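Working notes for the structure below.
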Amino acid sequence: MNKTIKTRRSRLCADCRQQTQWHQVSHEFEREGLRVRISGILAMVCSNCGAVSYLAGIPDKLLAAADSLFELMADRHRGALRAEPVPAATA
């Protein structure tokens, strides 16, 4: 789901030199047959060619987040991660 954002200035597309627009986008990662989707990422998207550009530092943060999610999935698969009910707090 792409949501248009109008609060920031857009730039020209690096590929086709057309104007980009800010959108919230999703990015999917795949590793060893497992898939992770991270949504709600603010990016500049070209309405002409569809190229997606991120602010500086965002790609590194996305990779780190995906790595953490894959690690959690691996822990769960190995049985190292278990979920237990947490008792409700009493006031």
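The values are calculated or read from the model by the stated rules, or taken from the named source; none is laboratory data. Note that the coordinates shown come from a computational prediction; the quantities given were computed from them, not determined experimentally. Note: ideal-geometry Cβ built from the backbone for every residue, glycine included; neighbour counts use all protein chains shown.
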Checklist outcome for this item: Among 25, 36, the single one that is modelled with pLDDT under 95, outside any loop (DSSP other than H, G, I, E, B), of a type in the set (Val, Ile, Thr) and buried (at least 17 other Cβ atoms within 10 Å of the Cβ) is 36
Next on the checklist: Restricting to the stretch 48-57, and then to whatever is surrounded by 12 or more Cβ atoms within 10 Å (Cβ to Cβ) and of a type outside the set (A, V, I, L, M, F, W, C), can you tell me which residue is farthest from the chain's Cα centre (by Cα)?
Outcome noted: 48
